[in-house]
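Novice: If you scroll down you'll find the structure; I have some questions about it.
The values are calculated or read from the model by the stated rules, or taken from the named source; none is laboratory data. Every value quoted in this text rests on a predicted model; they were computed, and no experiment measured them. Cβ coordinates were reconstructed from backbone atoms using ideal geometry, including for glycine residues, and neighbour counts include every protein chain displayed.
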Amino acid sequence: MNQITEYINISSSPLINASLYIVIFIIIAKIADLIVDKVLRKFTRFTKSNVDDRIIDLIHKPIFYTIIIIGFTFTVQYLTPSEKAIFYTRSIMNSILVVIWCVTSIRISNAIIENAVAKVSDVTGLSRDIVPLVENVSKIILIVASIMVVLSLWKINITPVLASAGIAGAAVAFAAKDTIANFFGGISVFVDKPFSIGDYIVLDQGERGEVVAIGVRSTRIKTRDDIQITIPNSIIANTKIINESAPIPNFRVRIPVSVAYGSDIDIVQNTLLEVVKDNSNILPDPSPRVRFRAFGESSLNFELLCWAKEPALRGVTVHELNCAIYKKFSEAGIKIPFPQRDIHIHDG
C-alpha cells in the first residue's frame, strides 16, 4: 500500500492526497460499474434465461459502493490515525459491506430460487406456492451468516452464540422431526422423480389415483371416485410405489376369459382378437394377444392381453371389452361355464 501511495502522491499535504485518493476510487468504481452493466450484459444476450440479467441488475450498484468503501478505508489508513481509529473505521466499513452484500445475496438467491422452482414446476408440477418458503429459509441462513461475520469483525466471541444456536436448533429439530422428515422426503421425491403430475400410481397400501400435486410436505393424489388423498412425503419416500404411467404412459389390460370344454379354441382366440380390434382405446402396437392359460375344473381358461392408451382408461376399457366379449360369444355360440353340481339319487 505504501508503494502505491508513493506513486500517486502529488502534494505534500496529506489531506489533498487523501481527497485525490477518494476521487480516484470513485472513478475506478464508475468504470467497474460500466464494465459490469454494459460489457457483461452483452454476453447475457446469448443465454436463454433472464436470471443473469437480473443478477447484473442486482450486483452492479453494490460493486460500485464496495469500491468506494474500500477507497475510503484506504484513505483513512493513509492518514495514519491511531490504532483505535483504524479498528473502528475498518469495522464500520466492513460491517456496511456485509450488510450491502447480505441484501444483495438475498435478492440474488430469490431470483435464482424463482427461476429454479419455475423449471422444476414445469417438469414435476411442483406448486409455485413453495417459493416464499424457500426464499424465507435462504434469507434466514444469509442473515444469520452475516450477523456472525459482523460479530467477528468487531472481535466479539461468537462461540457462546454458536453453542446457544446449536442447542436451540436441536430443540427445534426434535420438536419438528415429522416436518423435517417430510421435507427431506419431498427432496428425495424431487431428486428421484418416481412420478410426476398426471401419473397414475398405486401405493403399498393399495391406494390408486392420479398425482395432482407434489409439495414439500406432502403429495396429493385423486382417486377414480374423485376423492383426494394427501400422503406425507416421509411415507412416500419409504414405501413401494407402482407408477402405471412410467416408463411409458400405455397400460396393459388383462382380461381373464373362461369357456366350456368342447369349445373350438381357434374360434375363441379369433373372437377375442376381433373384440379388441373394435375398441378405440386399445393400441395396435404392441399387438394384442390371447393366451391359453390352464385347464380348469369346468372350463378352459384363456387370457386376453392388450395395451390401453393410458392408465385412466383401464376401468372403462375393461368394461367395454367384457361387454363385447359376452355379446360376441353369444353370437358365436361359445358357452361361458358357471359353477354347477350334478346330484345323483340312488334307490336303497
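Novice: What's the number of the condition HIS319 fails, among (1) closer than 28 Å to GLN205 by Cα; (2) in contact (Cβ under 8 Å) with a residue 12 or more places away in the chain; (3) of a type outside the set (A, V, I, L, M, F, W, C); (4) not in a loop (DSSP other than H, G, I, E, B)?
Specialist: (2)
Novice: Still on this structure: Taking interchain pairs and intrachain pairs at least six residues apart, which have beta carbon atoms under 8 angstrom, with the first residue in the stretch 1-29 and within 11 Å of PHE74 (Cβ to Cβ) and the second modelled with pLDDT of 70 or more and part of a loop (DSSP other than H, G, I, E, B)?
Specialist: ALA18/LEU79
Novice: Continuing with this model, one more query. I need the full set of residues from the stretch 116-142 which are exposed (fewer than 15 other Cβ atoms within 10 Å of the Cβ), modelled with pLDDT of 75 or more and not small (Gly, Ala, Ser), in order please.
Specialist: Answer for the stretch 116-142, where residues must be exposed (fewer than 15 other Cβ atoms within 10 Å of the Cβ), modelled with pLDDT of 75 or more and not small (Gly, Ala, Ser): ASN136, VAL137, ILE140, ILE141.
Novice: Related question: On the given criteria, is ILE70 crowded, with 16+ Cβ neighbours inside 10 Å, β-branched (Val, Ile, Thr) and modelled with pLDDT of 90 or more?
Specialist: So ILE70 passes the test.
Novice: Being in contact with a strand residue (DSSP E or B) (Cβ under 7 Å, 6 or more places away or on another chain), of a type in the set (Phe, Trp, Tyr), over 30 Å from ILE336 (Cα atoms) and outside the structural domain of CYS323 (by TED's automatic domain parsing) narrows it down to one residue among PHE184, PHE195; which is it?
Specialist: Matching residue, one of PHE184, PHE195: PHE195.
Novice: In addition: Within the stretch 215-236, track down each residue that is assigned to a loop (DSSP other than H, G, I, E, B) and either more than 16 Å from the chain's Cα centre (by Cα) or modelled with pLDDT of 85 or more (or both).
Specialist: Within the stretch 215-236, THR223, ARG224, ASP225, ASP226, ILE227 qualify.
Novice: (1) out of contact with any strand residue (DSSP E or B) (no Cβ under 6 Å at 6 or more places or on another chain); (2) in contact (Cβ under 8 Å) with a residue 24 or more places away in the chain; (3) over 30 Å from GLY198 (Cα atoms): which one isn't true of ALA324, the others all being true?
Specialist: All conditions are met except number (3).
Novice: May I ask you to say which residue of ASP57, ASP33 is more than 25 Å from THR89 (Cβ to Cβ), surrounded by 13 or more Cβ atoms within 10 Å (Cβ to Cβ) and modelled with pLDDT of 85 or more?
Specialist: Numbers: ASP33 fails: more than 25 Å from THR89 (Cβ to Cβ).
Exactly one residue qualifies, and that residue is ASP57.
So that you can scan it fast, the table gives a plain yes or no per residue for (1) in the same structural domain as ASN115 (by TED's automatic domain parsing); (2) within 20 Å of PHE64 (Cβ to Cβ); (3) at pLDDT below 75; (4) not aliphatic (A, V, I, L, M):
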site: ILE8; (1), (2), (3), (4): yes, no, yes, no
site: SER12; (1), (2), (3), (4): yes, no, yes, yes
site: VAL23; (1), (2), (3), (4): yes, yes, no, no
site: ASP37; (1), (2), (3), (4): yes, yes, no, yes
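Novice: Here's a follow-up. Can you say whether ILE334 is assigned to a loop (DSSP other than H, G, I, E, B) and loosely packed, with under 15 Cβ neighbours inside 10 Å, as far as the supplied structure shows? I'd like the intermediate steps shown before the answer.
Specialist: Values: assigned to a loop (DSSP other than H, G, I, E, B): yes; loosely packed, with under 15 Cβ neighbours inside 10 Å: no.
No: the conditions fail for ILE334.
Residue-by-condition table, conditions (1) in a helix (DSSP H, G or I); (2) among the aliphatic types (A, V, I, L, M):
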site	(1), (2)
SER188	yes, no
ALA213	no, yes
VAL257	no, yes
VAL275	yes, yes
